[in-house]
Each structure stands twice: as C-alpha cells, then as structure tokens.
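Accompanying notes for the structure given below.
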Amino acid sequence: MRKKSFEKDYFFEGVTERERACFEAGIALGSLFHQFVGMPVSPDTGYLERLENLMERAALLQPYRRKVEVKIDSERIKAESSRYGYTTLSEKDMELLVEIGYGKARVSARMKYFGELRYPLMYIERIES
C-alpha cells in the first residue's frame, strides 16, 4: 500500500503545481480580506503600520506563502475617521500582495480597489513555473 502524501492525495490528481499555487494565492487574498474588513482602526500612523505588519506576519504563517505585503491608505483612514477617533477598515483602504510558492510554481497575486469597478479586484499578476 502506498504511503499517503499530504501534498498530493487530497487534490484531484490532475491538479498541476501551477494550478495549486493559483488556488493558494486566492485563499491567501480571501483570508486577509475577510478577516480584517470591518475591523475598527485608528488613523494613527504607528497603529496602521503595526496592523500592516501583523496582517503580513499572520498570513505568512500559512503554508506556501513566500511574501505578503499589506498597504493601508492612512490618508483615507484619517479622512473617514469619526469624531470618536476611529473608522472601520474597508476594501477601499487596503492593497494586498501575496507571493506563493508551490513546487516549482511561483504566483504573484494582488487585491486592489478599483473605483471605476467599485470593487476590490483580486487578480494574478505573474505566474512562473
């Protein structure tokens, strides 16, 4: 009997390393987006920098993440803050970048809000395999 391989046995056998890397990129962007949208945030620049760092470090804990960058628009947060000194993080406030490595495949994917779409688009920027 063949020994189970965690990496291969739970996906359809026809899934390539490239497809798996793309899948992981989507999971990484989706998890960052959905975990943090709606979170109360302060317009304090130091707070926002620590939050960016925390989000990056948390995402890097997951398998296959090689690089994660989070940029929060501090000017927009300041403009949107209530008289109580905070607002909530929205899709318009974040730009996310993830780089995934799975086998020989490398994928770079991004989430960015596009005003003309009125939507936070998640897309693949580059694939190498």
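Tabulated data for the structure shown
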quantity: Computed [θ] at 222 nm, helices only, for the chain once each DSSP H run of length n ≥ 4 contributes -39500 (n - 2.57); calculated: -11000 deg cm²/dmol
quantity: FRET E, pair Lys8, Glu125, Förster distance 25 Å, beta-carbon r, rounded to 0.05; calculated: 0.40
quantity: Around Arg76: net Lys/Arg minus Asp/Glu count, Cβ-Cβ under 9 Å; calculated: -2
quantity: Cβ-based net charge around Ser129, under 9 Å, with every Lys or Arg adding one and every Asp or Glu removing one; calculated: +1
quantity: Phi-based couplings in Hz for segment 31-42 (Karplus 6.51, -1.76, 1.60; Gly and Pro marked x); calculated: 5, 4, 4, 6, 6, 10, 4, x, 6, x, 9, 8
quantity: Principal-axis tilt of helix 45-60 within the chain, Cα atoms, nearest 10 degrees; calculated: 10 degrees
quantity: Mean shadow area of the chain, taken as a quarter of the surface of its Cα convex hull (nm²); calculated: 9.4 nm²
quantity: Neighbourhood net charge (11 Å Cβ-Cβ; Lys/Arg +1, Asp/Glu -1) for Phe36; calculated: -3
quantity: Gap separating the Cα centres of segment 112-129 and segment 1-73, nearest whole Å; calculated: 15 Å
quantity: Rough spin-label spacing in nm, given labels placed 7 Å along Cα→Cβ, for Val37 and Lys92; calculated: 1.4 nm
quantity: Residues with amide H under 5 Å from that of Asp44, placed H, sequence gap 5 or more; calculated: none
quantity: Relative contact order [Cα under 8 Å, 6+ residues apart], segment 17-128, whole percent; calculated: 31 percent
quantity: Point-to-point label distance, Glu116-Glu69, nm (Cα→Cβ direction, 7 Å offset); calculated: 2.3 nm
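Rule-based calculations on the coordinates, nothing more; no lab input. Keep in mind that this is a model prediction, so the values were computed, not measured. Neighbour counts run over all protein chains shown; Cβ positions are idealised from the backbone, glycine included.
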